[in-house]
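Structure first, then comments.
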Amino acid sequence: MAKEFIVAIELGSTNITGIAGKKNSDGSINVLAVVRENATSCIRKGVVYNIDKTTQCLSTVMKKLKSALKSGIERVYVGVGGQSIQSVLNVIVKELPDDTLISQDIINGMMDQNRGMQYPEQEILDAATQEYKVGAQYTIDPAGVQSNRIEGNFLNILCRKSFFRKLNRCFENAGISIAELYLAPVALADSVLTDSEKRTGCLLVDLGAETTTVSVYYRNILRQLTVIPLGGNNITKDLTSFQMEEDEAEKLKLERGSAFTENSEIDRENPIKIENGEIKQEEFVFCIEARLREIIENVWNQVPEDYRTHLMGGIVLTGGGANMKNIKRAFTEVTNIKKIRIATSVKQNVTTDKSDIVLKDCCMNTALGLLAKGDMNCASVTKPANPSGLFEQPTPQPAVEKPQPVTQGSHQPGRVPKLEEKRIEEARRAQNEIDQIETRVRDAIGETADKAPRRPGFLNRMKTALGDFANSIISAEEDDEK
């Protein structure tokens, strides 16, 4: 029976994948178990659609993993992705007194201000700091620089509030404890991109069944993240217009589909045989290429103009769609970028006897990336041990503590705060706002002390009222989640 292992769950458009494995001291991964459950009836474009069916699917995945591992599972790592995810650039400007020495507290305050941004029907999952502008200079770490103005640029990763609530409810209903939530596209990038590609600039494209995820990196920073609601299933559905069932269309796409075909390669004399007739080869080729070109053009349109000339690392393709014949040629035709690599597996060394992993067909990269993120033992234990190596914390883990203000370099990229942490953080920000208002009111009263008598108990009444108001907001949000 395995005593120590990590478990990760990926919610894909077609399957919910559960994976368990061990991380070795040299960074390699030993995969112990892989389980897949069809999720087409409960997840659409990577987003939970049917809560009850998703809960049932998750429970089945956990049951099969426990059986394969011959062990209980205490917690799991979860990837967050799908059509609901999008990135928005936000700029925070702070005017300072002359010759102010920028401190870490000032930077933390700007991060807090950015995290407190409100978006209609959406919430911030993660915020990637782009850079700070101090005077006319851009820098990653402005602490210690003297200036009277600082401008912070942040890339906020957003999702619909309803999506986050549904996701948490599914795991709660299934009785599954979440160790950490991670942005699936960031976990994927960390496991398939090289340091050179991230530094010199690259475009990562995850070609999924119902969605295509686009990530742009430059100077080791995530610059753009977009999920396009188009994928390989769109090509399959287009082929059904030739009077065939979806299963037959999918098989034909996989066996004979090509992302790019030269005219000289089309055999116009020999049509393709299907169950209910035949298809002219030129029509089959046009059907696939037209839809795929639409997907690629949408991908390229998501790359900001400022970074199109900074993709020295080229394009990296992954996901099931990256297996299509001549896919690199198709991308070159649209983007004019010749440096294109297909990431068939993650950069970590992986050992296993599981066919899903050995195949190296690009389809398990996100699940492996989430597994690589894990650093806590997910196995159920009866009593805390004296851990060493990977698992530095005794299990079970203590209750979530009040998070400290985020500091430059301390935030783990791609980590999504859990529901409890979000509520604590919202309460902390609300209290900070109350304290700031109270300070301003005290200052204002102090300035007018000689002009007008103070009203007894005024500050206490205001503080109480503001506190009640903040608590009512948090209570309302908790009621909405129920």
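All of the numbers you see were taken from the coordinates with simple rules; none came from a lab. From a predicted model like this one, the values you see are computed outputs, not experimental measurements. Note that each Cβ is placed from the backbone with ideal geometry, even for glycine, and that neighbours are counted across all protein chains shown.
Points worth noting:
- Taking label points 7 Å from Cα along the Cα-to-Cβ direction, residue 262 and residue 177 give a separation of 6.1 nm.
- Residue 431/residue 117 FRET efficiency (R0 25 Å; Cβ-Cβ; nearest 0.05): 0.85
- Counted residue by residue at 0.36 nm each, then reduced by the alpha carbon distance between them, the extension gain from residue 337 to residue 360 reaches 5.8 nm.
- Mean Cβ count within 10 Å, highest first, over the residues of peptides 220-231, 189-200, 144-155: 220-231, 189-200, 144-155
- Cα-only Debye scattering, segment 305-364: base-10 log of I(q)/I(0) at q = 0.15, 0.24 Å⁻¹: -0.54, -0.99
- Estimated inter-spin distance, residue 309 and residue 30, nm [label 7 Å along Cα→Cβ]: 5.2
- For segment 49-178, the Cβ-based charge dipole about the Cα centre amounts to some 1200 debye (Lys, Arg positive; Asp, Glu negative; other atoms uncharged).
- By the Cα gyration tensor, segment 1-129 has an equivalent ellipsoid whose semi-axes, rounded to whole angstrom, run 40, 22, 11 from largest to smallest.
- By average C-beta atoms within 10 angstrom, highest first, the peptides 374-380, 202-208: 202-208, 374-380
- Whole-angstrom gap from segment 331-359 to segment 137-191, using each part's C-alpha centre: 26
- Kirkwood Rh in Å, taken over all unlike Cα pairs in segment 92-211: 17.4
- 5 Å-binned pair-distance histogram of segment 106-157 (Cα, whole percent): 5, 19, 30, 21, 13, 8, 4, 1
- Filtered trypsin sites (Lys or Arg not before Pro), segment 3-106: DSSP coil and at most 16 other beta carbons within 10 Å: 3, 70
- For segment 170-263, the Rg and Dmax computed from alpha carbons only, in angstrom: 18.1, 56
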